[in-house]
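**Q** I have a structure here, written as structure tokens, and I will follow up with some questions on it.
Please treat every number below as a calculation from the coordinates, not as lab data. Being a predicted model, the structure only gives us computed values, none of them experimental. Neighbour counts run over all protein chains shown; Cβ positions are idealised from the backbone, glycine included.
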């Protein structure tokens, strides 16, 4: 069976065990027998033991057998491929995998045909054994759980124990994934700093890695520059403009919806605001490039100002509109979470609605509001499409919102698009920029935590 088919079969078996086990306990309870837990817990116990061990085996087997096939198929490579190694072995493996998948490019070599036939045989045998092992383990686990059911068995405790371990495993995977991402980026950054001095990268005011190829080829054209300040300046400029738009508007709309709007208005306006969060960023980018940017350029020129056709102001304004729902929705939920008793107490002391909002509700909701703003900052810093379409790709060190600038994320995408040589400083610079962006994000989160700790108030 294919992976998906086996997974569906496991779910079906688990569901069957759940129904059978819960019905058994229900019938016994109807006869007057006493059980520690509700029938549903006994059903969940049988379903979990019928599904989880078999599913884990299925995933591990599917991951391991591919690795084994890729290792075994090396025995079919000609001697010259083993001698060349590296990219030649990658190409050879691709030929075999394409033929196994039924993709042919001309007439394949004899060794490719032989290797693909062997791979197909291994895959067929592996699928057979995997299907039998997984189904037997599923049935065995379910039957074991079913036989375990008794008056003294604490099914609820067992189910909660399994769920606790599942949650711990999920948390561990998330943490390890984060650590893996950071370490992978960090290692490539170290390789970059072996080619480019850290001081030049951190304090450099010019960014132009495009000359590297010409520089190495000796064809002239200029010297490659790797100064990060222009990108971070552009990121700061565009994000600041976006926050100037999003934070006041989003927070004001949240206060209105939570404290002043009628239930009918709230039920209508809040979904409309949240629709903005579902609009693809490319749509905002088109709007910024085709409407906002020309309008800003026209207004600026009418006032005698020099405005670039792609400006930070256009990108920042549209990005601010895009992140309004993030600020508004989160802040609204946080404000509504403030206990009504606090408002009633303030009204009882003679406070007006505005005084209650400013002096009671907002201080109580401040930690959540700060979290909403930090989320908005992260969204603004990580945005790429709007910047590419509205602000351009020019790495200018400028604080003028009417100039064309670029951001860190836009440059990372630009560098890594297409076929790249990962040994070059140009490609590795993307990882260095990613590392600096991670450090910046961590700094913002640390600052937010300190603010929350400083202004947090405890309410009963």
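**Q** What value does the chain have for Rg/Rh, both radii from Cα atoms and Rh as Kirkwood defines it? If you can, show how the numbers build up before the last one.
**A** Values: Rg = 30.3 Å, Rh = 28.2 Å.
The Rg/Rh ratio comes out at 1.08.
**Q** Suppose R0 equals 41 Å; then what is the FRET efficiency for residue 336 and residue 181 from their Cβ-Cβ distance, rounded to the nearest 0.05? Kindly include the intermediate steps, with their values, before the conclusion.
**A** Numbers: r = 35 Å, r/R0 = 0.85.
According to the calculation, E is roughly 0.75.
**Q** Would you compute, for the Cα atoms of the range 225-455, the largest minus smallest coordinate along each principal axis and list the three values in descending order, in whole Å?
**A** 67, 42, 30
**Q** A further question follows. For the chain, calculate the relative contact order in percent as a whole number, restricting contacts to Cα pairs under 8 Å that are 6 or more residues apart. Could the numbers behind the result be given before it?
**A** Details: 562 pairs, mean separation 74.1, N = 460.
Normalised by residue count, the contact order of the chain is 16 percent.
**Q** Give me the distance in nm between label points sitting 7 Å out from Cα along the Cα-to-Cβ direction at residue 451 and residue 283, one decimal.
**A** With each label placed 7 Å out from Cα toward Cβ, I get 3.0 nm.
**Q** From the Cα trace of the range 27-103, what convex hull volume per residue do you get, rounded to a whole Å³? Walk me through the numbers on the way to the answer.
**A** On the way: hull volume 11.2 nm³, N = 77.
Given the Cα convex hull of the range 27-103, per-residue volume reads 145 Å³.
**Q** Would you mind ranking 114, 97 so that the residue whose beta carbon has the fewest other beta carbons within 10 Å leads the list?
**A** So the residues, fewest neighbours to most, are 114, 97.
**Q** What is the order of 433, 303, fewest Cβ neighbours within 10 Å to most? Walk me through the numbers on the way to the answer.
**A** Values: 433 25, 303 8.
If I rank by nearby Cβ atoms, fewest first, I get 303, 433.
**Q** Still on this structure, please answer the following. For labels at residue 83 and residue 290 in the simple 7 Å Cα→Cβ model, what's the distance in nm?
**A** 5.9 nm
**Q** How large is the convex hull of the C-alpha atoms of the range 3-151 per residue, in Å³?
**A** Details: hull volume 16.5 nm³, N = 149.
Output value, Cα hull per residue: 111 Å³.
**Q** A further question follows. Using Cβ counts within 10 Å as a stand-in for footprinting exposure, how do 71, 18 rank, fewest first? Please report the intermediate quantities before stating the final value.
**A** Details: 71 9, 18 22.
If I rank by nearby Cβ atoms, fewest first, I get 71, 18.
**Q** State the three equivalent ellipsoid semi-axes of the range 154-195, derived from the C-alpha gyration tensor as the square roots of 5 times its eigenvalues, in descending order and whole Å.
**A** Values: eigenvalues 328, 3, 3 Å².
Equivalent ellipsoid semi-axes, largest first: 41, 4, 4 Å.
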